[in-house]
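Q: Sharing a structure below in structure tokens format, with a few things to ask.
Read-outs throughout are calculated quantities, based only on the coordinates presented, and are distinct from any laboratory measurement. Computed from a predicted model, the values in this text were never measured in an experiment. No Cβ is skipped: glycine too gets one built from the backbone with ideal geometry, and neighbour counts run over all protein chains shown.
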Amino acid sequence: MAAGNEWINGYLEAILDAGLRLRGEQGGGAGPHQALALTPRLLQAPALAEAAAYSPTRYFVEEVVSRFDDRDLHKTWTKVVAMRNSQERNNRLENLCWRIWNVARKKKQVEWEYSRQLARRRLEQELGRREAAEELSEGEKDQRPDSTQPPSSAGAAADGDQQQPSRFARISSEARIVSDDEDEAAKDERNLYIVLISIHGLVRGENMELGRDSDTGGQVKYVVELARALAATAGVHRVDLLTRQISCPDVDWTYGEPVEMITRHSDADADDGSGDGGAYIVRLPCGPRDKYLPKESLWPHIPEFVDRALAHVTNVARALGEHLAGIDGTPAPVWPYVIHGHYADAAEAAAHLASALNVPMVMTGHSLGRNKLEQLLKLGRMTPAEIQGTYRIARRVEAEETGLDAAEVVVTSTKQEVEEQWGLYDGFDVMVERKLRVRRRRGVSCLGRYMPRMVVIPPGMDFSYVDTGDLAAGDGDGDLQALISPGKAKNPLPPIWSEVLRFFTNPHKPMILALSRPDPKKNVTTLLKAYGESRHLRELANLTLILGNRDDIEEMSGGAATVLTAVLKLIDRYDLYGQVAYPKHHNQTDVPHIYRLAAKTKGVFINPALVEPFGLTLIEAAAYGLPVVATKNGGPVDIIEALHNGLLVDPHDAAAITDALLSLLADKARWLECRRAGLRNIHRFSWPHHCRLYLSHVAASCDHPAPHQLLRVPAAAGASPRAASGDSLSDSLRGLSISIDASHDLKSSGDSAAAIMDALRRRRRSNVDRPAGSPRAAAGFAPGRRKSLLVLAADCYGDDGAPDAEKLEKAVDMALSACAAAGGRLGCVLATGMTVAEAAAALRACGADPAAFDALVCSSGAELCYPWKEELAADEEYAGHVSFRWPGGHVRAAVPRLGKADGAQEAGLAVDDTACSVHCHAYAAAGASKVKKVDSLRQSLRMRGFRCNLVYTRACTRLNVIPLSASRPRALRYLSIQWGIDLSKVAVLVGDKGDTDRERLLPGLHKTLVLPGLVTHGSEELLRDEDGLLTEDVVAMDSPNIVILAGDQATAADILKAI
């Protein structure tokens, strides 16, 4: 038997001994089989195991599974079986060995399946990267810059010959940091409105409960401090931090307050009418109000959050416009300068909100789903299904991809985050992004492709707590005699100093300080080995290890207990008593004093982590004048490059760690140089510098809409509606759809005025000729002036894809009857995957007049038509609203090629010219088995830089490829803003089947009415693969806003009652 198997036998014996002790402590209540059953559960539920008390069983099982091959385990099991006897312990040992061998086999199988899946995905990414790079490289020199091309017309956009113009031409892709002089000059123009979103966790401005749970951590502190710092930045008028409102007995009542003011501008600013400025936490209801939900359970409630955020931002924009009216006194809404989503859930919410308002969107990942999925699968403790059920990883990854689709800028902390974490996503590739950036800078078309700009902006820090007196006192020359003799000190010394110094035989020596949680990834044991094996280092300096708080190591979680046990053993092995300090307790307020103590002894701070995502402790140490030694893996590379105050080392190389520490401690001139460089450059990590850099990147990289492209809003909700027959000039203008070309190439003022007067004459003539009994002559209610809306979104098709006349007629009659019974207060909207012409023909076939509808949302949301106007055509203003990031004709030929199902001999998609429009490419689908599903096709397009929405409609016989900003839910949000109708007064009527975008219509602030049996053939089988996200992660069917009607017996009265 190999020597390795002797180790396995020893571990198995230790597991049995731990089980015996456990049963003894429980009074014999647990039998041997019950004790063995703990093993797989501990391996399969790491979150529960981490929270539990330290378990020797878990420790030994993990050692066996992670250190030995399953073949060795099989040998051990064979040996135990061969030596079987009647003794209970041998029988238990055989059973236990088989169980652990089985766990190891499962772990190996999970690792193999993940590596195969990862290899396929990387191959697809490489193909997409090469294809995009080749197309971007072809003919680059021959293309004319965008600035010299003629303005795009509808026909040109349809053909895809020219790139769709952006909302505002970039003048540079490089950020220019605003200087202090410009910052002061901007104080006279406080007019920027910034929206931050952070949904999960407990967010409040003071007394933050950091660490209360896994959702309330560093991100909460970061977003609150960012809001406060941005509000204090010159040029920023107001910052809103949107989060979830929680009215639950399990949490403090303050989290249920709708608004909390973080900071306000000075009283002088308030006196001049700017009292609404400052930073605010705005809490919006989202999901069940009486429950504090973890972030994994918030996904189905995000659409409701978006709807409420849309109403809030619209109201604030209108109010700010009234406060900040120009010289002429004409109020114009002040839309957000940028909407910034933090984490995956807020990134998705910010993407939808920015799309609805036509403003730039920025995102920060904080931690990423693909990175976590990779780590969990490599551990092998959970199967992909268990990971999905616990962490909702697929839903989180899709939200992050959605954020990448819409984001102009992605804020990261380090370059490592860009290359090694965001590089795992379909929507970002470093090489393709660089090519696109170069083309934009040269003014060359990007061929419909887009990738967001990644910018590294380290988190800001508040240095107000740093004692500048200590820093200025002789470059760290403290009174060491007073330090070790408290009686000679002028001021009382911090208690933590005596707690640390009591460990040292000679406290005069410089201190090597390491501060982290007791986690194996922090690599403290390698530091301790380097210190113990170097006689020169031991003679020169003391070592202080601040490793969290502890009472009894055996009561701590497995990983922490393992690290602390190893630390104590190493101290004993190298006989480091009197040279190493490892205090049991410290408070958060003690941390600055610990840094001060190390600086006064002319010490060094070290972070030897295997991988450090950012390295906040390095910045804190530098603020107190400590030179640093840090790992070369991760964020410390960028920090030391900025501060020039230390050295980078290989965390696995103990000798390199020793040499770096000796070079700083033994050379006082070098130590002093690093100290001064750190203090000189530390301002780069301050909040004011962070905010200036942030705003500079937003200004340089974001496409801000021109004034004529900003969203229009109706008058304040309190204004009483005028009768249709008495429209004023402003009312008439509001009803017009006057489109101005996005290229800023305006016609002559005479032509514009003539167009306006001609439209007014037509409108006045239509008012005179309108019959008295016309619905539009109702007392104050007309299209665009309703109190509420009923949206018919039932996708009634036969198995051949043609409209099901019988079912559609029933749905139309029911909807129009309900609207008629409401006396004109309830408007009716049809939302469908058909084109405008097809929808009008289908309505006429049902005996309904299209003009009876207030609006037709067609082509799955790509077109919006007002049939009560003289011309039955798509609205140009809405078309301009959804054109953002539309690849046009560049994606037209790629879809059939990429949409072919795996194994299919020929393409299953063919262009359907009769159903195509300016912002919709329609394809006839040969069959569900011959085409890719939506998720798979969207992944292929993302890898090539194309950002689109994909919808299968007409019973799987047609694919609509539409702009990113176009969808049926987004069209409803657009109408709610234009017509001033609150989304809570909107009802959507759907069937129990439908197009692939049906499930996106269900959640939200509106009321959803599901009519079973109304739709017989749907397209949802082409939505996603089996390993994709779950429907319950998109919509909560138990929501009170979702009502299931009585099927065939439902009537118009039932609809009105449900509404």
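Q: Quick one: which residues, 5 or more positions from Gly278 or on another chain, have an amide H under 5 Å from its amide H? H modelled 1.01 Å from N in the peptide plane, none for Pro or chain starts.
A: For Gly278, whose amide H was placed from the backbone, the distant partners under 5 Å are Arg238, Val239, His265.
Q: Oh, and also: Quick one: check the C-alpha center-to-center distance for region 848-904 versus region 378-454, whole angstrom.
A: Their Cα centres are 27 Å away from one another.
Q: Calculate one ³J(HN,Hα) per residue across region 613-626 by plugging θ = phi - 60° into the Karplus curve 6.51 cos²θ - 1.76 cosθ + 1.60, and present them in order as whole Hz with x for glycine and proline.
A: For region 613-626, the Karplus curve yields x, 10, x, 4, 5, 5, 6, 4, 5, 4, 5, 9, x, 8 Hz.
Q: Compute the distance from the alpha-carbon center of region 992-1027 to that of region 570-618, in whole Å.
A: For region 992-1027 versus region 570-618, the Cα centre distance is 57 Å.
Q: Over 20 Å between Cα atoms: which of Lys291/Lys1057; Lys985/Lys1057; Lys810/Lys993; Lys372/Lys522; Lys522/Lys584 fall into that group? All intermediate terms of the calculation are to be shown ahead of the outcome.
A: Numbers: Lys291/Lys1057 28 Å; Lys985/Lys1057 13 Å; Lys810/Lys993 16 Å; Lys372/Lys522 18 Å; Lys522/Lys584 18 Å.
In this structure, Lys291/Lys1057 lie more than 20 Å apart at Cα.
Q: Hey, another quick one. Under the rule of at least 5 residues apart or a separate chain, name every residue whose amide H is placed under 5 Å from the amide H of Asn633.
A: So Asn633 has HN proximity to Glu612.
Q: Read phi for every residue in region 316-324 and hand back ³J(HN,Hα) as whole Hz from Karplus 6.51 cos²θ - 1.76 cosθ + 1.60, θ = phi - 60°, with x for Gly and Pro.
A: Going residue by residue, I get 5, 4, 5, 5, 5, x, 5, 6, 9 Hz, with x marking Gly and Pro.
Q: Using Cα pairs under 8 angstrom and six or more residues apart, how large is the relative contact order of region 188-442, in percent?
A: Relative contact order here is 17 percent.
Q: Same structure, new question: Ranked highest first by average number of other Cβ atoms within 10 Å, how do 639-645, 607-613 line up?
A: 607-613, 639-645
Q: Too long at a 25 Å Cα-Cα cut-off: which of Lys509/Lys668; Lys415/Lys668; Lys569/Lys668? Spell out each step's value before the answer.
A: On the way: Lys509/Lys668 13 Å; Lys415/Lys668 32 Å; Lys569/Lys668 33 Å.
Too far apart for the 25 Å limit: Lys415/Lys668; Lys569/Lys668.
Q: For Ala581, which sequence-distant residues (separation of 5 or more, or a different chain) have an amide H within less than 5 Å of its own amide H, given hydrogens modelled in the peptide plane?
A: Residues meeting the amide H criterion: Leu543, Thr544, Leu545.
Q: By counting other Cβ atoms within 10 Å of each Cβ, how are Phe503, Phe305 ranked from fewest to most?
A: Fewest-to-most ranking of Phe503, Phe305: Phe503, Phe305.
Q: Show me, for region 534-546, the HN-Hα J-couplings you get by feeding each phi into the Karplus relation (A = 6.51, B = -1.76, C = 1.60, θ = phi - 60°), rounded to Hz, glycine and proline as x.
A: 3J(HN,Hα) across region 534-546, in whole Hz: 10, 5, 5, 5, 5, 6, 8, 8, 8, 10, 10, 10, 9.
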